[in-house]
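J.: Just passing along the structure, written as structure tokens.
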Amino acid sequence: MKKIIIACAGGIATSSIIVNEVEKLLKQENIESKIVQCTVYEIKNHLDGADLIITSTPMELGLDVPCVLGTTFLTGFGVDPIKAQIKEILSK
């Protein structure tokens with residue numbers, strides 16, 4: 001089971017949209033996961049066992065967990081490369 005942290009500034013609006021899109025991708029790819037939705041300020045509280053962090057804003061987190069910018073799920077532009085990147089990270 002993969003643990004994915006999805007974060008935005010408030011932990012509600014944009015991260016909810018990203019969560020929905022990521023859940024669709026994970027279902028398509030048959031990837032079992034646990035998604036933690038939070039604010040960017042709470043990310044460090046959820047790092048234990050995390051495989052991937054997806055944020056709605058560009059950030060330099062300086063963490064050992066891979067981080068992907070998820071704004072493409074909000075705009076609809078450039079989604080396929082991000083989906084491929086997520087699949088690659090979670091396949092490890």
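J.: Restricting the search to the range 41-92, which residues are touching a strand residue (DSSP E or B) at 6+ places or on another chain (Cβ under 8 Å), touching a residue at least 24 places away in the same chain (Cβ under 8 Å), under 14 Å from Ile18 (Cα atoms) and surrounded by 15 or more Cβ atoms within 10 Å (Cβ to Cβ)?
T.: Result: Leu52, Ile53, Ile54, Thr55, Ser56, Gly70, Ile86.
J.: OK, next. Out of Ile35, Ile6, Ile18, Ile31, report the one residue that is surrounded by fewer than 19 Cβ atoms within 10 Å (Cβ to Cβ), outside any loop (DSSP other than H, G, I, E, B) and in contact with a helix residue (DSSP H, G or I) (Cβ under 7 Å, 6 or more places away or on another chain). Walk me through how you get there before you give the answer.
T.: Details: Ile6 fails: surrounded by fewer than 19 Cβ atoms within 10 Å (Cβ to Cβ); Ile18 fails: surrounded by fewer than 19 Cβ atoms within 10 Å (Cβ to Cβ); Ile31 fails: outside any loop (DSSP other than H, G, I, E, B).
Just a single option satisfies the conditions, and that option is Ile35.
J.: Here is a further query. What is the one condition in (1) crowded, with 19+ Cβ neighbours inside 10 Å; (2) not in a strand (DSSP E or B) that Gly11 does not satisfy?
T.: So the condition that Gly11 fails would be (1).
J.: Right, here's the next one. Cβ-Cβ below 9 Å, separation at least six or inter-chain, first residue in the range 4-20 and without any contact (Cβ under 8 Å) to a residue 24 or more places away in the chain, second part of a helix (DSSP H, G or I) and buried (at least 20 other Cβ atoms within 10 Å of the Cβ): which pairs?
T.: Asn20/Phe73
J.: How many residues are of a type in the set (A, V, I, L, M, F, W, C) and out of contact with any helix residue (DSSP H, G or I) (no Cβ under 8 Å at 6 or more places or on another chain) when one looks only at the range 38-62? First the steps, then the outcome.
T.: Going through the range 38-62, the residues of a type in the set (A, V, I, L, M, F, W, C) turn out to be 38, 40, 43, 47, 50, 52-54, 59, 61.
Cutting the leftovers down to out of contact with any helix residue (DSSP H, G or I) (no Cβ under 8 Å at 6 or more places or on another chain) gives us 40, 43, 47, 50.
So the answer is 4.
Just so you know, all these numbers are worked out from the coordinates, no wet-lab data involved. The structure displayed is predicted, hence computed values, not measured ones. With ideal geometry, Cβ positions are generated from the backbone for all residues, glycine too; neighbour counts draw on all protein chains shown.
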